[in-house]
């Protein structure tokens, strides 16, 4: 009876914590995020744990299964580390032919195609670029979750194939391991981080 009461108190504590985060208004706030999926670790490996709940919430909203959320959340963290080093304002893939105009209201983005945490390419993913502000951390993560669910639908749930697709497109994900040296290096870095971190919580 005492043990059961303790579980109730703990559950209420988690719910209150999440409610407090949801009302805090910071860019790391997981708006609408409910109780963690059963078995989810309170913090994920890989650092930057202030973003863990935001990543989980985005993946749940995108349609990932609750039981698999932490597996994919760790992959998102590995991609962010590789793509931007956790810089929400990162600009990359300079190509003035494809991305001549500034992005939204950011005048210093003219020519840069890949933006934010996940370096989402605004030329190849115009719906994500218009539907989410890719230079705001939370919104970039939401866009990442949407893109990741699309890639999973195209290449399956193998982490190496997903990493290849993130870097080289669906064709690279389907062709993996027969990919360019650049994609091969990218996959090695992302999968290496994912395997190390997922292994720490028994998910690899």
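Quick note: the coordinates plus some simple rules give every number you see, no bench work behind them. Here the structure is a predicted model, which means the values were calculated and not measured. Ideal geometry is used to build each Cβ from the backbone, glycine not excepted, and the neighbour counts take in all protein chains shown.
Of note:
- Pairwise FRET efficiency - residue 97 versus residue 61, Cβ, R0 = 25 Å, nearest 0.05: 0.15
- For 42, 114, order by how many other beta-carbon atoms lie within 10 Å, fewest first: 42, 114
- Label-to-label distance for residue 150 and residue 86 is 2.8 nm, based on points extended 7 Å past Cα in the beta-carbon direction.
- For segment 41-200, averaging the sequence separation of C-alpha pairs within contact (under 8 Å, six or more residues apart) and dividing by the residue count gives a relative contact order of 21 percent.
- Burial ordering of 53, 95, fewest other beta-carbon atoms within 10 Å first: 95, 53
- Between residue 110 and residue 158, the FRET efficiency from the beta-carbon distance, with R0 = 35 Å, is close to 0.40.
- Equivalent ellipsoid, segment 146-204 (semi-axes from 5 times Cα gyration tensor eigenvalues, Å): 19, 14, 8
- Between residue 182 and residue 124, full extension at 0.36 nm per residue minus the direct alpha carbon distance yields a gain of 19.0 nm.
- Global form of segment 53-142, assessed from the alpha-carbon gyration tensor, a/c cut-off 1.5: prolate
- Cβ-derived FRET efficiency at R0 25 Å, residue 195 paired with residue 171, nearest 0.05: 0.55
- Our analysis of segment 41-200 gives Rg over Rh at 0.95, with the two radii drawn from alpha carbon positions and Rh computed by the Kirkwood formula.
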